[in-house]
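Enquirer: This structure is in structure tokens; I'll ask about it shortly.
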Amino acid sequence: MANATSINGNANLLIEIAGFLHEGRPDAELTTMARLPRAHEEVARQVARFATFADDQYLDAVALFAALSTRLRTAGGGFVEVDGDTARHFLDNILRYGQYVAPEAR
């Protein structure tokens, strides 16, 4: 049998993880040293490609933790206020239709 207090506690942990990830977001300026003219053109291109991919994965992870926290809290009976149907629909779509795409398959 599920324990609502435990479920809500875990929902809180998930949203904390999302918050910590957001606070520690990657700094786009870290790739400055690998840009033209400081680096070879191909190196600069690959660093930019990696930085774009990493940012995309980072945003996906933050959204996933926030969506999971919202769903878990709702399941535990402590309803989370979600700002309108648009936000609720967005979170539902992440959980329902989101899928992992390997980097080499992009």
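The values are calculated or read from the model by the stated rules, or taken from the named source; none is laboratory data. Keep in mind the model is a prediction, meaning the values are calculated, not measured. Here the Cβ positions follow ideal geometry from the backbone for every residue, glycine too, while neighbour counts run over all protein chains shown. What goes into the accessible areas is simple: the full protein's heavy atoms, side chains included, and nothing from ligands, DNA or RNA. Shrake-Rupley method; radii C 1.70, N 1.55, O 1.52, S 1.80 Å.
Enquirer: Six or more apart or on different chains, Cβ atoms under 7 Å: show the pairs whose first residue is in segment 47-64 and closer than 16 Å to Gly24 by Cβ and surrounded by 15 or more Cβ atoms within 10 Å (Cβ to Cβ) and whose second is at pLDDT 90 or above and small (Gly, Ala, Ser).
Expert: Matching pairs, first to second residue: Val62/Ala18.
Enquirer: Suppose we filter segment 87-96 for residues that are open to solvent by 60 Å² or more (accessible area, probe 1.4 Å) and more than 12 Å from Leu64 (Cα to Cα); how many remain?
Expert: 2
Enquirer: Collect the residues in segment 14-25 that are touching a residue at least 12 places away in the same chain (Cβ under 8 Å) and surrounded by 13 or more Cβ atoms within 10 Å (Cβ to Cβ), keeping them in residue-number order. Don't jump to the end; show me each part of the working.
Expert: Step one: of segment 14-25, the residues touching a residue at least 12 places away in the same chain (Cβ under 8 Å) are 14-15, 17-18, 21-22, 25.
Passing the criteria: Leu14, Ile15, Ile17, Ala18, Leu21, His22.
Enquirer: I need the full set of residues from segment 12-54 which are among the charged types (D, E, K, R) and closer than 21 Å to Leu64 by Cα, in order please.
Expert: Matches in segment 12-54: Glu16, Glu23, Arg25, Asp27.
Enquirer: Moving on to the next point. So which residues in segment 26-46 are free of Cβ contacts under 8 Å to residues at least 24 places away in the same chain, part of a helix (DSSP H, G or I) and open to solvent by 60 Å² or more (accessible area, probe 1.4 Å)?
Expert: Glu29, Leu30, Met33, Glu41, Glu42, Val43, Arg45, Gln46
Enquirer: On the given criteria, is Ala18 part of a helix (DSSP H, G or I), within 23 Å of Tyr58 (Cβ to Cβ) and modelled with pLDDT of 85 or more?
Expert: Yes; evaluated as a whole, the condition is true for this residue.
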